[in-house]
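A.B. asks: One structure, as structure tokens, below. Some questions next.
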Amino acid sequence: MSNTRVALVTGGTRGIGLGIAKKLANKGFNLVITGRRSHDEAEPTIAQLREQFSDRSLKVQYCQADVADASHRERVLTDVEATFGQLDILVNNAGIAPTVRADILEASEKSFDELISTNLKGPYFLTQAAANWMIRLQEQSKEHRCIINIGSVSATVASVNRGDYCITKAGIAMATMLWATKLTRYGIGVYEVRPGIIETDMTKGVRSKYDSLIEGDLLLEKRWGTPDDIGIAVAMLTSGDLPYSPGAVLTIDGGLTVRRL
């Protein structure tokens, strides 16, 4: 087993996932990045990540995969094992927003099913498979291994025009607690990073709406969050610098969810 740790980041070619991947590249991880784009489409991003390594012996591997598909999840872990022989960090980041922001009185079952499959079922069962592998690895060598779920403030802040998204993120919050309860005894950390309003492709369509809200008193820190903000939080968790905190939730939201009078 190599001394160089291996991190798997789902949905790591853009947005928050790319911000996380960049920070883990800076920390000297071998990286496995998944996404639904083709290898040709993802290659410029993968090349950019490779350039961040100060140690040129480190690797970035891209796996085209949809986390909603069980066969894709199995193939990703098989590829990781074949290439690196170990997995130390799983970052469940891949997720989608509803194609149409529809009021809950009108929203479709099709959208609900798509979001549940990608945002909740996919990471739940990828975690199951990765956790069983990590348990076996822990028996061979006690390392700081952890699973980090990328949630959202939408787990607790209701948006009636994207109820399906909110429900998936509430599910991720519970999944974090469940996996922490099960895996802490094996020395495997489980955490959630809960972003607020982050400047990505996913939020591009509501830019003007949130620009106006941020200028008001929606946030304590009056700026958009960035993928780097989330990457810094994830990188800290991979270092084991948050002891005695099974199931901890780091809320990175500029103060959006701070209760105020």
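A.B. asks: (1) buried (at least 16 other Cβ atoms within 10 Å of the Cβ); (2) within 24 Å of T99 (Cα to Cα); (3) in contact (Cβ under 8 Å) with a residue 60 or more places away in the chain: which one isn't true of D229, the others all being true?
C.D. replies: Result: D229 passes all but (2).
A.B. asks: Kindly indicate whether E81 is free of Cβ contacts under 8 Å to residues at least 60 places away in the same chain, over 20 Å from the mean Cα position of the chain (by Cα), outside any loop (DSSP other than H, G, I, E, B) and within 24 Å of K204 (Cβ to Cβ).
C.D. replies: Spelling it out, it is not the case that E81 is free of Cβ contacts under 8 Å to residues at least 60 places away in the same chain, over 20 Å from the mean Cα position of the chain (by Cα), outside any loop (DSSP other than H, G, I, E, B) and within 24 Å of K204 (Cβ to Cβ).
A.B. asks: Quick one: how many residues across segment 27-53 are of a type outside the set (A, V, I, L, M, F, W, C), surrounded by 15 or more Cβ atoms within 10 Å (Cβ to Cβ), over 20 Å from Q86 (Cβ atoms) and touching a Gly at 6+ places or on another chain (Cβ under 9 Å)?
C.D. replies: Of the residues in segment 27-53, 3 are of a type outside the set (A, V, I, L, M, F, W, C), surrounded by 15 or more Cβ atoms within 10 Å (Cβ to Cβ), over 20 Å from Q86 (Cβ atoms) and touching a Gly at 6+ places or on another chain (Cβ under 9 Å).
A.B. asks: Of everything in segment 62-83 that's surrounded by 18 or more Cβ atoms within 10 Å (Cβ to Cβ) and in contact with a strand residue (DSSP E or B) (Cβ under 6 Å, 6 or more places away or on another chain), which residue is farthest from M236 (Cα to Cα)?
C.D. replies: In this case the residue turns out to be A65.
A.B. asks: Further question: Can you tell me which residue within segment 59-78, out of those that are part of a helix (DSSP H, G or I) and among the aliphatic types (A, V, I, L, M), is nearest to G35 (Cα to Cα)?
C.D. replies: At the first step, the residues of segment 59-78 found to be part of a helix (DSSP H, G or I) are 70-78.
From what is left, the residues that are among the aliphatic types (A, V, I, L, M) are 70, 76-77.
On the way: A70: 14, V76: 11, L77: 14 Å.
Ranking the candidates gives V76 first.
A.B. asks: Among the residues of segment 4-26, which ones are closer than 16 Å to T83 by Cβ and either free of Cβ contacts under 8 Å to residues at least 12 places away in the same chain or over 13 Å from the mean Cα position of the chain (by Cα) (or both)?
C.D. replies: Once the filter is applied, which keeps residues that are closer than 16 Å to T83 by Cβ and either free of Cβ contacts under 8 Å to residues at least 12 places away in the same chain or over 13 Å from the mean Cα position of the chain (by Cα) (or both), segment 4-26 yields T4, R5, V6.
A.B. asks: Turning to a different aspect of this structure: Could you list all residues from segment 155-189 that are in contact with a helix residue (DSSP H, G or I) (Cβ under 9 Å, 6 or more places away or on another chain) and of a type in the set (K, R)?
C.D. replies: Passing the criteria: R162, K169, K182.
A.B. asks: Scan segment 86-133 for residues that are part of a loop (DSSP other than H, G, I, E, B), of a type in the set (A, V, I, L, M) and touching a strand residue (DSSP E or B) at 6+ places or on another chain (Cβ under 6 Å) and jot them down.
C.D. replies: L87, the sole residue that qualifies.
A.B. asks: On to the next question. Please pick out the residue among T34, T13 that is in a loop (DSSP other than H, G, I, E, B), of a type in the set (S, T, N, Q) and closer than 26 Å to S71 by Cβ.
C.D. replies: None of the others qualify; the one that does is T13.
A.B. asks: Select from segment 231-261 the residues that are closer than 30 Å to E215 by Cα, assigned to a loop (DSSP other than H, G, I, E, B) and aliphatic (A, V, I, L, M) and list them in ascending order.
C.D. replies: Selection gives L256, V258, L261.
A.B. asks: Moving on. Here's a check for you: in segment 167-206, which residue that is assigned to a helix (DSSP H, G or I), touching a strand residue (DSSP E or B) at 6+ places or on another chain (Cβ under 6 Å) and of a type outside the set (V, I, T) is surrounded by the fewest Cβ atoms within 10 Å (Cβ to Cβ)?
C.D. replies: Just the residues of segment 167-206 that are assigned to a helix (DSSP H, G or I), to begin with: 167-186, 201-206.
Checking which are touching a strand residue (DSSP E or B) at 6+ places or on another chain (Cβ under 6 Å) leaves us with 172, 176, 179-180, 183.
Imposing the further condition that a residue be of a type outside the set (V, I, T) reduces the set to 179-180, 183.
Numbers: W179: 25, A180: 20, L183: 22.
Looking at the filtered set, the residue picked out is A180.
A.B. asks: Looking only at segment 84-103, filter to residues that are loosely packed, with under 14 Cβ neighbours inside 10 Å and touching a residue at least 24 places away in the same chain (Cβ under 8 Å); which one of those is farthest from G205 (Cα to Cα)?
C.D. replies: Per the criteria, the residue is G85.
A.B. asks: Within segment 207-230, count every residue that is among the acidic types (D, E), farther than 14 Å from G19 by Cβ and part of a helix (DSSP H, G or I).
C.D. replies: The total comes to 2.
A.B. asks: Could you tell me which of the residues R136, R56 is out of contact with any strand residue (DSSP E or B) (no Cβ under 6 Å at 6 or more places or on another chain), among the charged types (D, E, K, R) and either buried (at least 22 other Cβ atoms within 10 Å of the Cβ) or assigned to a helix (DSSP H, G or I) (or both)?
C.D. replies: So the residue among R136, R56 that is out of contact with any strand residue (DSSP E or B) (no Cβ under 6 Å at 6 or more places or on another chain), among the charged types (D, E, K, R) and either buried (at least 22 other Cβ atoms within 10 Å of the Cβ) or assigned to a helix (DSSP H, G or I) (or both) is R136.
A.B. asks: Taking interchain pairs and intrachain pairs at least six residues apart, which have beta carbon atoms under 9 angstrom, with the first residue in segment 134-152 and more than 13 Å from R5 (Cα to Cα) and the second part of a helix (DSSP H, G or I) and acidic (D, E)?
C.D. replies: none
Each reported figure results from applying straightforward, stated rules to the coordinates on display, with no laboratory input. Just so we're clear, the structure is a prediction, and the values are computed from it rather than from any experiment. For neighbour counting, all protein chains shown are included, and Cβ atoms are generated from backbone atoms with ideal geometry for every residue, glycine included.
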